[in-house]
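Reading through the structure tokens given below for one structure.
Please treat every number below as a calculation from the coordinates, not as lab data. Source: prediction; values computed, not measured. Heads up, the Cβs are rebuilt from the backbone with ideal geometry, glycines too, and the neighbour counts pull from every protein chain shown.
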Amino acid sequence: MPPFFSERSQQILRTLLQEHQRDIQAAIVEAVEKFYAGAAEHPELKVILERLGDERIVRLKKEQAEHSWLLLQPDDGELLQNRSRETGRIHALMGIQSEWLISSMALYSDCLLEQLTPLFGNYPELRSYLLQRLATDLARQLQGMESSAQEERAILERIDLLLISDVSPAETVRRMLNKLMSISGLDGAWISHSEDGIHLIRDQVSGQDLQEYLDGVEIRLDDSPYGQGPAGIAWRTGEIIYVDDWQADPISSPWHQASQKYGWRANVTFPIKVNGKAYAIIGLYSKIPGFFRAPNRQNLIRHLAIMLGIAIGRRQEQKRIDRLSSLYRAFLAEGDILIRARSETEMLRKTCQHIVENTLFTTAYIMKPDQDGLFKTRAGAGSGSGILNNLGIRLLSDCPSLLQETWHTERLQYRNDYCKDPALKAQHAFMAEQLWVSVATIPIRRNGQIWAILGVVSSETHVFDQEILGTLARVAKLLGYGLDEMDLKKRIEQERATQSWMARHDTLTRLPNRAALLDRIPEASKRAQRDEKLMGVCMLDLDDFKPVNDQYGHAAGDQLLQKVAHRLGQAIRQTDFVARIGGDEFALVLENIQNMDDIEKLMQRISAALERPYTLPGNITVNIGGSLGITIYPFDEGDSEILLRNADQALYMAKRNKTERKQFWTSFQGEEILAENSSTPYSRLIEQTGRLIPYFQPVLDLKTGHIIGIEALARLQHEGEIHLPDTFIPHLNSKTMQMLTNRMLESACQIALKLQNAGYPLEVAVNIPPDTLLEKGFLHELQAILKKAELAPEHLTLEILENGDFLSLPLAREKIAVIRSMGVRVALDDVGSAYASLLRLKEIAVDEVKLDQSLVRSIPERPTDLIFVGSVAALAMSMGSRYIVEGAETLEILDALAVLGVDCAQGYTIARPMPENELLPWLQNWKPQPQYNQPKTLLGAYASHLQFDSLYQLAPAILSQLPCLEDSHRCRLGKYLDGHGMSHSSFAIAHQEYHACISRAHSPEEIMLLRRKMIETFAATRNALLEEH
């Protein structure tokens, strides 16, 4: 009651209401009618009134008249206050805005006063009283509207918190719909997604009767009649679609009859966009016409669509990254299967097993039609794979099947719910019996033609998306490549069997090899003796060949070797013979020589042929020379090995005196000695006690930082000096070499046992020349040495110094197999220094692969050699062999090797070779420091980039799907450059351009230019750093 309203006025009002109740109520009804007539002239209110319909308006008029009668009562009770606020909440549900309510109340006040003023007579205070009560009522209605809006905002805030939480996607959707359903006036909500842009897959439904309704109707997203509704339009246009009156709007006409009994009047349907594309659809329903037109609800819906899109996108992105990582690992594992498989059957069987054991598929199989067109299983794994032949599926049949469709189209086919495809009903019973639901079949091509079909099965629906299908296609493609490679190997083996000369020739230069050379020398010596002529056996080594390899790459080096071989063949006579021994070393047998003048003339022709400039691909011109040693038979007598050793010693002298010599060749002058004033031959020194001293160099496990082994290195002590192997090894005969090897083995085993007793159970490695390994008594001597030393065989490693065609000899492979069966480890040493060793590395079972240090020491100047280092690492891993890299002379090289994932390293930056008395103290002072794959140096950071780029070149389609590929600051190289203040360097700019390039469509030439630019700017940046320090 207003404070100015006196007791007398209150009494007058009560009397008036009692005596004129019927008149006042009639006046109120008349005022309500005039108000609604006037409201219909306002556009905003007219829209709302039209949505309500006649029946509802009649009810509202009655309620408003009752409310106005209560306002006239002198008592302002709690019931009236609550009624006013509830009326405000109803206004909010109907979408009436506060400014509309204020305007409407003003209009209604005028209508009501107009009708009641004649009844108030001479009581003006009653007019003021009525205005005050209307104003109070308006304020309470506005409070009710604001209360409703606050509740909706609070619900939206709780949904926002839910969307950014770590709750699973399914639980997030369920909770979100439940929170939405707490909004007054909202009667139903559903969310669905689509995989094909046509059909909806229901994710969650909330609200009474909505589940029943959705089960009985069809909603599509395409241009069909059932795709022309709110969901289809929202999906295709990406817009929010409002239906203010569900039963009257033509857009919802296909569903009017089905929805009529549920009483829905308003609907809003809106798409959830992820990365700018529609991913899901949300439909909301209300029994209040125009419910979703309220501006605050429109804001809520827009906000919900955006936030839900962000949340789903974030989770999808994480899921995509996780799935991509697992799929990529599966892709790499398939490559390992292909490398290790020994036969076609094993390759197919292990592929199926790997798919079933490591993925979400329950069954995998490979089927191929036989000559009668009946599909037969070639391999299979998982449930039901063994009875696939019972299906009797034929290539040419009126009964459709996924296998038949795949074979005819030569394209991947899939069904996310096989039994829902009526065209494939012939297999439905089998599928249901085996609990097979989702099926995909992928063609396998062999030699360019479809050869078989890879099939995968899951017991779940909707398994296949583009990522999974893409990876399956790549697995099938990789399997086809493996089969093609296997076919190629078979053809090569057949070719080798029919062309025996391949075993006696160098594969690169097509020249005879060492085996052919050893057969030629005895035949040539017999002819020389018979014809009373001279014969020359020569060893030729190219000068300046390594710089060509280093500067222009191994491919250019191979081209150069081929050209040298061609020139040598043209320089010698038809009766002469040239062979490639290995690396850049050649041997010649010169027959039919009358005198030394003939030799002089031949040497001049050979020198002239070698020293002419060479033109290599890319218009590269290089100049090289050679050093040659020759032994003359019968002046120098002996068998093939002795003559070759004589020629090798003469070659050594020619190379040693390279700067002072007048000609490029030197003839054999007898056994060389260690120094000019010494008369003691090498063999005698080795026989003397205390002259042969083993040195030891530790081998570091990069991942753990522990020393796992040592390599024993021969040193010769003479006249107070320690001589390295390259000064005496070339001059030893086979007998002395075998003696040296046995002594090194004995010393190494003894030292290893001492270290074990001191608490350091390390492996010890000893170099074994190929000739020694092939000696008949070597295996017996090895067993005797191990037994005498009481050393377990697994602690000893024999490093085979591969040269020439040694590894191609069946006897060599047999010896290696026997040694490994004894428990002794076998390592292939100096890998990469010879062309042949890389070719045959995959064909030989060894425990360790040691990369030649010549390929490592120049890495800071030629960082792209790291690609070769990483390739050999992958090859060693595929063989199951430990990978040791020699030549780790600096910390930056060690860092780069760790980044590449190299197992072990050996070099000066770890420790120089040391005698026995220094070894144990050094081990005791060693502090393990694991070398992690996070780069610590610029070279290590660049190594991480080269590793990624190598993978990108192998599988660009996979890596191009990685998130934020264009952001150069997220990779290891980018983080290193940012963290060391080099983000604006020329190297960093080239790195940014590289990432920008691979994140979009580009040509091979464009990315090649950027790779070269990175090489150049790396060198400039590194040089600048070196100058600063």
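Just in region 487-571: which trypsin sites (Lys or Arg not before Pro) are loop by DSSP and have at most 14 other Cβ atoms within 10 Å? Listed in order of number, the matching sites are R510. The alpha-carbon positions of region 164-319 define a convex hull whose volume is 106 Å³ per residue. Rounded to the nearest 10 degrees, the angle from helix 43-72 to the longest Cα principal axis of the chain is 50 degrees. Specify the angular offset, from 0 to 90 degrees and rounded to the nearest 10, of the alpha carbon long axis of helix 640-656 from the longest principal axis of the alpha carbons in the chain. It is inclined by approximately 70 degrees. Sites listed here are trypsin sites (Lys or Arg not before Pro) in region 609-665 whose DSSP assignment is loop and whose Cβ has at most 10 other Cβ atoms within 10 Å: K662.
Relative contact order for region 542-608: 25 percent, from Cα pairs under 8 Å spaced at least 6 residues apart, divided by residue count. Shown here: region 501-667, whose C-alpha atoms stretch 50, 41, 24 Å along the first, second and third principal axes, sorted largest to smallest.
Let me know the shape class of region 693-925, please: from the alpha-carbon gyration tensor, a ≥ b ≥ c as square roots of the eigenvalues, rounded when a/c is under 1.5, otherwise prolate if a/b is greater than b/c, or oblate. Rounded shape, in that the Cα axes give a/c under 1.5. Summed over all non-identical Cα pairs, the Kirkwood treatment of the chain gives a radius of 37.4 Å. Going Cα to Cα from K350, which aspartates and glutamates come in below 14 Å? Please leave out same-chain ones fewer than 8 positions away. Cross-link targets: E334, D336.
Altogether, the Stokes-Einstein calculation at 4 °C and 1.567 mPa s, with the Kirkwood radius of region 938-1028 over Cα pairs as Rh, returns a diffusion coefficient of 97 µm²/s. When R743, R1022 are arranged by Cβ crowding within 10 Å, least crowded first, meaning fewest neighbours, the order is R743, R1022.
Full extension of the chain segment joining E1027 with R411 gains 215.9 nm, where the gain is 0.36 nm per residue of separation less the Cα-Cα distance. Take the Cα of T615, go 7 Å toward its beta carbon, and the backbone nitrogen atoms of region 533-562 under 16 Å from that spot belong to 560. Taking label positions 7 Å along the Cα-Cβ direction at both R605 and Q669, the computed distance is 2.8 nm, reported to one decimal.
Full extension of the segment from D726 to I708, taken as 0.36 nm per residue of separation minus the current Cα-Cα distance, would add 3.8 nm. Summary: within the chain, the longest segment free of GluC sites (Glu not before Pro) located in DSSP loops with at most 13 other C-beta atoms within 10 Å is 240-409. Treating r as the C-beta distance of Q10 and I306 and R0 as 60 Å, the FRET efficiency rounds to 0.60. When the Cα atoms of region 341-495 are aligned to their principal axes, the ranges along those axes come out at 52, 35, 26 Å in descending order. Its Cα centre serving as origin, region 187-235 has a Cβ charge dipole (Lys and Arg +1, Asp and Glu -1) of approximately 100 debye.
Relative to the dominant Cα principal axis of the chain, helix 98-120 is inclined by about 10°.
Look at the dipole of region 693-925 built from charges on Cβ: of S881, V899, I707, the Cα furthest out on the positive end belongs to S881. For region 941-955, the residues whose amide N sits under 18 Å from a probe point set 7 Å from the Cα of A1020 along the beta carbon direction are 942.
Sorted ascending by nearby beta carbons within 10 Å, beginning with the fewest, Y481, Y883, Y213 become Y481, Y213, Y883.
The calculated FRET efficiency for S128 paired with N299, based on their beta-carbon distance and R0 = 45 Å, is about 0.70.
In this rough spin-label picture, where each label sits 7 Å from Cα along the Cβ direction, the K477-E433 distance is 3.8 nm. Estimated purely from DSSP H runs of n ≥ 4, each contributing -39500 (n - 2.57), the mean residue ellipticity at 222 nm for the chain is -16500 deg cm²/dmol once divided by its residues. For the pair H256 and Q924, label points projected 7 Å from Cα toward Cβ lie 10.0 nm apart. Computed from the Cβ-Cβ distance with R0 of 51 Å, the FRET efficiency linking K526 to D370 stands at 0.25.
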